[in-house]
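Visitor: Sharing a structure, written as structure tokens. Questions coming.
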Amino acid sequence: MLINHFPALARGYRRGRAGAALTAVADLGRATPPFDREALRLMSRHGCSLVQALPGALDELATIDPSFAALVATLRSAVDEVHEYMDAYRPTARDVPAEAFTLASRYADCYAVAACVQVWLRNREAAGDGVTAGSWQNQDWLRACLARLATRLSPRSRPPSMPPTWTGSCRTCAPSTRRACCSPCCPAS
């Protein structure tokens, strides 16, 4: 399901729209908005608010603590790259390439980055007291999570069969004919 949703997620990321409820959900001290069962949809038309808000959240993190600047730049580049691949991917009903599952895994890592950053940004001041205060004040847990995710998202984690120019199924390629693709960057060729 996620793989077929790549184009919508990539469009949403480019638009950068985030839902108004995002801050309320990430703030652990606030009550979550009421659950609206009728609002559930199998496919989102607008993408994922949490990931769509990631560029702004990373900028906010780097502004609050400039020591994150290099890590933020690395993450921003990797997340942008994942969305470029997702935008180029053309869903197929059958014969989904293995690279698409790798891309779905990388998108899950983007989601994890977005969740970590939002939770830290929205709770860093309120979490200044208590047993875990030190981890929030010196950003230990955030640095550990983001460093791990940056490693997972790095180009080295891209499988050899997914070159930097991979664009999924070529737009001119007819997957149903099972013929070789005309594009040298298409994995079907």
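Visitor: Tell me the residue from Asp59, Asp65 that is among the charged types (D, E, K, R) and farther than 24 Å from Ala10 by Cβ, please.
Guide: Asp65
Visitor: May I pose another question? Collect the residues in region 82-99 that are within 19 Å of Ala150 (Cα to Cα) and surrounded by fewer than 17 Cβ atoms within 10 Å (Cβ to Cβ), keeping them in residue-number order.
Guide: Glu84
Visitor: Can you spot a residue in region 14-23 that is surrounded by 20 or more Cβ atoms within 10 Å (Cβ to Cβ), in contact with a helix residue (DSSP H, G or I) (Cβ under 6 Å, 6 or more places away or on another chain) and either in a loop (DSSP other than H, G, I, E, B) or hydroxyl-bearing (Ser, Thr, Tyr) (or both)?
Guide: yes
Visitor: Hey, among the residues in region 5-24 that are touching a residue at least 40 places away in the same chain (Cβ under 8 Å) and touching a Ser or Thr at 6+ places or on another chain (Cβ under 9 Å), which one's nearest to Gln118 (Cα to Cα)?
Guide: That would be Leu22.
Visitor: With respect to Leu54, determine if the residue is within 13 Å of the chain's Cα centre (by Cα) and without any contact (Cβ under 8 Å) to a residue 60 or more places away in the chain.
Guide: Taking the combined requirement at face value, the residue does not satisfy it.
Visitor: Please go through region 100-126 and pick out each residue that is farther than 24 Å from Gly19 by Cα and surrounded by fewer than 18 Cβ atoms within 10 Å (Cβ to Cβ).
Guide: Passing the criteria: Phe101, Thr102.
Visitor: Give the residue, chosen from Arg37, Arg30, Arg11, that is surrounded by 10 or more Cβ atoms within 10 Å (Cβ to Cβ) and over 30 Å from Ser77 (Cβ atoms).
Guide: Result: Arg30 is the single residue among Arg37, Arg30, Arg11 that is surrounded by 10 or more Cβ atoms within 10 Å (Cβ to Cβ) and over 30 Å from Ser77 (Cβ atoms).
Visitor: Another one. What are the pairs with Cβ atoms under 8 angstrom where one residue, in region 61-82, is without any contact (Cβ under 8 Å) to a residue 60 or more places away in the chain and the other, located anywhere, is aromatic (Phe, Trp, Tyr) and surrounded by 13 or more Cβ atoms within 10 Å (Cβ to Cβ)? Sequence gap at least six, or different chains.
Guide: Ala62/Phe68
Visitor: Can you name every residue in region 97-112 that is among the aliphatic types (A, V, I, L, M), under 8 Å from the mean Cα position of the chain (by Cα) and under 12 Å from Leu9 (Cβ atoms)?
Guide: Ala108 - this is the single residue of region 97-112 that is among the aliphatic types (A, V, I, L, M), under 8 Å from the mean Cα position of the chain (by Cα) and under 12 Å from Leu9 (Cβ atoms).
Visitor: Taking the residues in region 57-92 that are of a type in the set (S, T, N, Q) and under 18 Å from Ser154 (Cβ atoms) as candidates, determine which candidate is nearest to the chain's Cα centre (by Cα).
Guide: Among those that are of a type in the set (S, T, N, Q) and under 18 Å from Ser154 (Cβ atoms), it is Ser77.
Visitor: Right, here's the next one. Here's a check for you: in region 27-41, which residue that is assigned to a loop (DSSP other than H, G, I, E, B) and acidic (Asp, Glu) is farthest from Cys116 (Cα to Cα)?
Guide: If we take residues in region 27-41 being assigned to a loop (DSSP other than H, G, I, E, B) and acidic (Asp, Glu), then Asp36 is farthest from Cys116 (Cα to Cα).
Visitor: Specify the residue that is farthest from the chain's Cα centre (by Cα); the eligible residues are those in region 118-154 that are of a type in the set (Val, Ile, Thr) and assigned to a loop (DSSP other than H, G, I, E, B).
Guide: By that ranking, first place goes to Val131.
No lab work stands behind these numbers, since they all come straight from the coordinates. Note that the structure is predicted; figures quoted are calculated from it, not measured. Ideal geometry is used to build each Cβ from the backbone, glycine not excepted, and the neighbour counts take in all protein chains shown.
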